[in-house]
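Undergrad: I have a structure here, written as C-alpha cells, and I will follow up with some questions on it.
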Amino acid sequence: MDYPISTPQALAALVEYQSGSVVSRVLFRGPGGTVTLFAFAEGEGLTGHINPNDALVHVLDGEVTVLIDGVEHNVRDGEMLHLPPSVPHELLGGPPFKMLLSLLKRPRGVE
C-alpha cells in the first residue's frame with residue numbers, strides 16, 4: 001500500500017528496524033517509477049542484481065557499502081548515490097541503515 005505523502009513527513013520515522021529483516025514501505029508508485037523507504041537490520045543487504053532503470057539511493061540513517069560493477073562505494077547518512085541502469089550492483093550487509101530508493105523508469109524506446 002502506498003503511503004500518502006501530500007504532507008511533510010520525517011522519512012526515517014516511517015520505517016522501523018526489525019531484527020533479521022529488511023522492512024520496506026512504498027511511498028509513491030507511478031508510471032515514471034517508484035519511491036520506496038527501507039530499513040535494513042544489522043547484517044542485512046541486497047544480493048547482486050541488475051535493474052534496467054536508473055536508481056538513486058539516499059541514505060537517511062547509518063551507512064552502507066554499495067558495489068557498482070565491483071567498485072566499492074561507502075554511502076553515509078545524508079549522502080546519495082546513482083545506480084546506473086543495466087549495471088550490476090549490490091548492498092553489503094553491515095550496520096543497520098535506512099535508505100530511500102527512487103527507481104526512475106525510462107520511457108520505452110529511450111536509451
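Readers should treat all values here as calculations from the given coordinates under stated rules, not as data from a laboratory. Predicted, not measured: the structure shown is a model, and the values here were computed from it. Cβ atoms come from the backbone with ideal geometry, glycine included; neighbour counts cover every protein chain shown.
Undergrad: Given the conditions (1) exposed (fewer than 13 other Cβ atoms within 10 Å of the Cβ); (2) closer than 21 Å to R25 by Cβ, which single one is not true for I50?
TA: Failing condition for I50: (2).
Undergrad: May I pose another question? Counting just the residues of the range 11-26 that are more than 12 Å from the chain's Cα centre (by Cα) and of a type outside the set (S, T, Y), which one comes out surrounded by the most Cβ atoms within 10 Å (Cβ to Cβ)?
TA: So, considering only residues that are more than 12 Å from the chain's Cα centre (by Cα) and of a type outside the set (S, T, Y), the one surrounded by the most Cβ atoms within 10 Å (Cβ to Cβ) is V15.
Undergrad: Just one of V57, V35 is crowded, with 17+ Cβ neighbours inside 10 Å and either farther than 19 Å from G93 by Cβ or out of contact with any strand residue (DSSP E or B) (no Cβ under 6 Å at 6 or more places or on another chain) (or both); which is it? Working first, answer last.
TA: Values: V57 fails: either farther than 19 Å from G93 by Cβ or out of contact with any strand residue (DSSP E or B) (no Cβ under 6 Å at 6 or more places or on another chain) (or both).
When all the criteria are applied, what remains is V35.
Yes/no matrix, rows are residues, columns are (1) farther than 21 Å from V23 by Cβ; (2) free of Cβ contacts under 8 Å to residues at least 60 places away in the same chain:
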site	(1), (2)
N53	yes, yes
H58	no, yes
H73	yes, yes
P84	yes, yes
E90	no, yes
L101	no, no
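Undergrad: Out of the residues in the range 88-111 that are loosely packed, with under 14 Cβ neighbours inside 10 Å and more than 27 Å from A10 (Cβ to Cβ), which is nearest to the chain's Cα centre (by Cα)?
TA: Filtering the range 88-111 for residues loosely packed, with under 14 Cβ neighbours inside 10 Å gives 88, 95, 106-111.
Going one step further and asking which of them are more than 27 Å from A10 (Cβ to Cβ), we end up with 88, 106-111.
Working: P88: 15, R106: 18, P107: 21, R108: 23, G109: 25, V110: 23, E111: 22 Å.
Among those that are loosely packed, with under 14 Cβ neighbours inside 10 Å and more than 27 Å from A10 (Cβ to Cβ), it is P88.
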